[in-house]
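Enquirer: Got a structure here, written out as structure tokens. Questions coming.
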Amino acid sequence: MMVMGITSLRRYAVCAAATFILTNVLFAESSFVTNIIDNDGDVGRFCSIAVDSNQNPVIAYRSDSNNCIKFATIKDTNYAIEIVPDTEHSGYGLSLAVDSSGEFGISHSDYRSLMFSFKTSWFDWQTTVADHSSGLSALAFSENDVPHIAYDARIGIKHATYDRQTNSWATQPDRKSVVEGKSVDLGG
């Protein structure tokens, strides 16, 4: 356990107070602008937001009314909304990310499989199965635009990444793991 001295505690208190004052100054003069993006039925569960290469927000979310994922992008001053194909019964625990070239990716689950949907400038949405276990997910792209997904796989947290050499998903830990010196099938 670390014990702060009086001098360290005072510095910490001054730093915290300065941060609080600066934050209040930055946001006190402005107010947040809210917009309704989609109110067509029961929408908005598991929403995730990212910013595209033009600094515009892009939003992915589950539509319970349509039983799929919807994707919203800014067009002029309104949002253009599209249904992501091949996501029927999916969209649970979704996470949206934009890679360095401005392409979109969404990790999501149908409670049976972890899936990855992506859209590029040269083709429309594509969906692949990353793993046959699923749960809430978080998506990020590496510097070379390889997708990485962390997810709750009912046995703990797993990591899936796309292997370009084999054109397949690699997960860790894999289905077999060593527990107390014995190889155990983890399922999935």
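Enquirer: I need the full set of residues from the stretch 141-164 which are more than 15 Å from TYR92 (Cα to Cα), open to solvent by 50 Å² or more (accessible area, probe 1.4 Å) and assigned to a strand (DSSP E or B), in order please.
Expert: HIS148, ILE157, HIS159, TYR162, ASP163 - these are the residues of the stretch 141-164 that are more than 15 Å from TYR92 (Cα to Cα), open to solvent by 50 Å² or more (accessible area, probe 1.4 Å) and assigned to a strand (DSSP E or B).
Enquirer: Something else: How many residues does the stretch 83-99 hold that are open to solvent by less than 20 Å² (accessible area, probe 1.4 Å) and in contact with an Asp or Glu (Cβ under 6 Å, 6 or more places away or on another chain)?
Expert: Selection size over the stretch 83-99: 1.
Enquirer: Looking at (1) outside any loop (DSSP other than H, G, I, E, B); (2) open to solvent by 50 Å² or more (accessible area, probe 1.4 Å); (3) at pLDDT below 90; (4) of a type outside the set (Val, Ile, Thr), which one does GLY44 not meet, given that it meets all the others?
Expert: The one condition GLY44 does not meet is (2).
Enquirer: Quick check on the stretch 53-72: of everything there that is surrounded by fewer than 17 Cβ atoms within 10 Å (Cβ to Cβ) and of a type in the set (Ser, Thr, Tyr), which residue is farthest from VAL33 (Cα to Cα)?
Expert: Among residues in the stretch 53-72 that are surrounded by fewer than 17 Cβ atoms within 10 Å (Cβ to Cβ) and of a type in the set (Ser, Thr, Tyr), the one farthest from VAL33 (Cα to Cα) is SER65.
Enquirer: Within the stretch 96-115, can you find the residues that are within 19 Å of ALA72 (Cβ to Cβ) and either of a type in the set (A, V, I, L, M, F, W, C) or touching a Gly at 6+ places or on another chain (Cβ under 9 Å) (or both)?
Expert: Passing the criteria: LEU96, ALA97, VAL98, ASP99, PHE104, ILE106, SER107, HIS108.
Enquirer: Assuming GLY135 fulfils every condition listed in (1) under 25 Å from SER53 (Cβ atoms); (2) in contact with a strand residue (DSSP E or B) (Cβ under 7 Å, 6 or more places away or on another chain); (3) assigned to a loop (DSSP other than H, G, I, E, B) apart from one, which condition is it?
Expert: All conditions pass for GLY135, except number (1).
The values are calculated or read from the model by the stated rules, or taken from the named source; none is laboratory data. Remember, it's a predicted structure, so these values are computed and weren't measured experimentally. A quick note on method: Cβ atoms are made from the backbone with ideal geometry, for glycine too, and the neighbour counts reach across all protein chains shown. The area values use the complete protein model at the heavy-atom level, side chains included, leaving out ligands, DNA and RNA. Shrake-Rupley method; radii C 1.70, N 1.55, O 1.52, S 1.80 Å.
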